[in-house]
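Q: Mind looking over this structure? Questions follow.
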Amino acid sequence: MRRVVAALALSACRPADPPDPGYVWDLPAHFPVPAVPASNPMTTEKVTLGRFLFYDFKLSIDGRRSCGICHEPAKGFTDGFAVAVGVENVAHDRNTPSTTNVAYRSPLTWRDPDLWSLEEQLLVPLLGDDPIVEMGVGGHEDEVLARLRSQGPYPDLFADAFPDDDDPVTIERIAMAIAAFERTVNTGASPFDQHLLGDDGAMSDGAKRGAERFEALGCGQCHGGLFFDRPIEGDGTVAGASGYFNTGLYDVDGMGGYPPNDQGLVEVTGDPADTGRFRTPSLRNVAATTPYMHDGTTPTLSDVLTDYARGGRLVASGAYPGDGAGNPYKDPRITGFVLSDADRADLLLFFDALTDWASLEDPRFEDPWCADDDPRHDCVPPIDL
Amino acid sequence: MRLVVLAAFTVACATKTEPVETGAPGPTETGDPQTIETEETEETEHTEPVETEETEETEETEETEETEHTEETEPVETEETEHTGETDTEAPLGADDTYAASACALVEAKPVAVTAVTVERDAAMALVLPSPDTVYELSWEGDGDAYFTLMIPDWEVTERIFAQSGVTYEFLSASAELKSAEGTLNGHCPESGMTDQEYLFHAWNGFTIKVHAGSPNPFRLVVHQEG
């Protein structure tokens, strides 16, 4: 198992973007150097600026949201909600994905196969209003930029990060800095990683059995590679990008329908066969990122296993009842399996072993606005709105 | 008896408008059950088919009864208020209670329809968010328990939960802290039978709420965040 995973990890980078040799990465030993766009080379100063911005509430129009509030370290850089909630208290259609190891993720988001750039993706929550207003800066860019030009440590941080710019405080530069910080949030010291690096005692016997069961059940066909987010090709290699699969979560009309507000890849491609297809998420830190699935409607990992074991989820009530097991667009490999209580317990131990709990408290990734003993809600930088 | 009558009146109001369909999805835990008066299981069945003309007649009849009984209920409110302790001094009361006044104003507004689920693990498929201008109408299949998720996207906040009289519910979460007494009838619109509960939430999260069997189905719900 160790050999397979390590070999497959090498294919995780997008070929078009070479690794950045000019930056001293502090990576887990078995992680490749991430691909970085040539237009946004890594620098320590940029990462520092990006870290302050990532956790700063000034980046939302009403001072109630930051990137880090919805990508909270303690929750595996997710928010714990089923779906994200924007500044106007409107629910998003989809669950907040983790930003750990996002430097290796491609493409980004749940259902957009064309979105590969972190710099571009950042603009969606920052400025966008589709499907909801998230941080609400769109149309108020000047107001937010004025805050950054005049408040806190930003004049110096921007000048250090972008020394060639006359006025570096721009939306583009904000996105570049946050993307640079995000590329450093790499977690790879889980018990599974330690096992991979040779520590046979790092994983419990149950977790090891769970890993074997995971492979035997075929879970790794979609959750393959070092980050457990790539499909395995016919020749056994890991695909260059994440796949999109319909896992039989819904069948609202007996014809493969998904909830009308969130139908998956079909909304981009227009191909009915793409109905209900969403990008495979990474399983790293999965025990910390409850709830699960693209819309956060599966509360526990045990529930996830239940649904896969029956070959699709049965939704018995509510607005979207139906038996996902019968969804005609469901991936043909999801046929169900027998899952004993012992298997379930072992698989859950394996998922826990994929979680790098210590990294979720790594000082390098913490909110720089927080003193060590501050409760979470006090970690708010001074804001003059 | 009064609650029965008042709730029936509320239902009549509620049926004046068609709910707006929404999709809706949040997370879980256990403890702190809170209960609101449940006397009017019966009139739940009158819920759907009340027409506008009938409503007028109903109002007349029930207003009379209501008036007769209003005095009887006053002491109940007083008692509850006395039990509340901390809340009495913190919550804005009377004419200054803009949250309660706003909730009352919403009772007859066009509701946002939420289809609750009857399986706890699916509670994230039915989402409710605090909103100063939204009244939700929750409904579900059958006459058993129902579940939905209340999403609280803020820290250390107090939420006022106004539910239609007769609804009994509990938070399946230990971290929702009840501040007010149980079953307080909203003093701003006693004729609507809306009850008023006040909860403190320490951290943002989705909270699964179980609506007990026997509650009116559908029922109206308003959630206002203080501050």
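Q: Say whether the condition of being more than 18 Å from the chain's Cα centre (by Cα), of a type in the set (S, T, N, Q) and open to solvent by 60 Å² or more (accessible area, probe 1.4 Å) is met by at least one residue in region A:248-267.
A: no
Q: Determine the pairs where a residue that is outside any loop (DSSP other than H, G, I, E, B), located within region A:85-102, has a partner that is open to solvent by 20 Å² or more (accessible area, probe 1.4 Å) with Cβ atoms under 6 Å apart, the partner being 6 or more residues away or on another chain.
A: Partner pairs satisfying both residue conditions: A:Val85/A:Ala91.
Q: Here's something else I'd like to know. Among (1) open to solvent by less than 10 Å² (accessible area, probe 1.4 Å); (2) farther than 28 Å from A:Thr48 by Cα; (3) touching a Leu at 6+ places or on another chain (Cβ under 8 Å), there is one condition A:Ser190 misses while meeting the rest; what is its number?
A: (2) is the only condition that A:Ser190 fails.
Q: Looking only at region A:50-84, how many residues end up being within 11 Å of chain B (Cβ to nearest Cβ), in a loop (DSSP other than H, G, I, E, B) and either of a type in the set (A, V, I, L, M, F, W, C) or open to solvent by 20 Å² or more (accessible area, probe 1.4 Å) (or both)?
A: 5
Table: residues versus (1) surrounded by fewer than 22 Cβ atoms within 10 Å (Cβ to Cβ); (2) closer than 22 Å to A:Gly76 by Cα; (3) modelled with pLDDT of 95 or more; (4) touching an Asp or Glu at 6+ places or on another chain (Cβ under 9 Å).
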position: A:Asn285; (1), (2), (3), (4): no, yes, yes, yes
position: A:Gly296; (1), (2), (3), (4): no, yes, yes, no
position: A:Pro299; (1), (2), (3), (4): no, yes, yes, yes
position: A:Asp343; (1), (2), (3), (4): yes, no, yes, no
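Q: Condition first: open to solvent by less than 40 Å² (accessible area, probe 1.4 Å) and either of a type in the set (D, E, K, R) or not in a loop (DSSP other than H, G, I, E, B) (or both). Now tell me which residues in region A:21-43 satisfy that.
A: A:Ala35 - this is the single residue of region A:21-43 that is open to solvent by less than 40 Å² (accessible area, probe 1.4 Å) and either of a type in the set (D, E, K, R) or not in a loop (DSSP other than H, G, I, E, B) (or both).
Q: List the residue pairs whose Cβ atoms are under 8 Å apart, where the first residue sits in region B:146-159 and is outside any strand (DSSP E or B), the second is of a type in the set (D, E, K, R), and the two are 6 or more positions apart or on different chains.
A: B:Asp154/A:Arg64; B:Trp155/A:Arg376
Q: Give A:Val380, A:Val304 a once-over and let me know the one that is of a type outside the set (D, E, K, R) and at pLDDT below 95.
A: Every option except A:Val380 fails the conditions.
Q: Right, another one. Quick one: in region B:117-158, which of the residues that are hydroxyl-bearing (Ser, Thr, Tyr) and more than 8 Å from chain A (Cβ to nearest Cβ) is surrounded by the fewest Cβ atoms within 10 Å (Cβ to Cβ)?
A: Going through the qualifying residues, I end up with B:Ser139.
Q: Evaluate region A:235-249: report whether one residue or more is within 14 Å of chain B (Cβ to nearest Cβ) and modelled with pLDDT of 95 or more.
A: yes
Q: Kindly indicate the residue of region A:88-119 that is within 14 Å of chain B (Cβ to nearest Cβ) and of a type outside the set (A, V, I, L, M) and also surrounded by the fewest Cβ atoms within 10 Å (Cβ to Cβ) among those meeting that condition.
A: Going through the qualifying residues, I end up with A:Glu88.
The values are calculated or read from the model by the stated rules, or taken from the named source; none is laboratory data. Note that the structure is a prediction, hence the values are computed from the model and not measured. Methodologically, a virtual Cβ is constructed for each residue, glycine included, from the backbone with ideal geometry; neighbour enumeration extends over all protein chains shown. When the accessible area is computed, the model is the full protein with side chains, heavy atoms only, and any ligands, DNA or RNA have been set aside. Shrake-Rupley method; radii C 1.70, N 1.55, O 1.52, S 1.80 Å.
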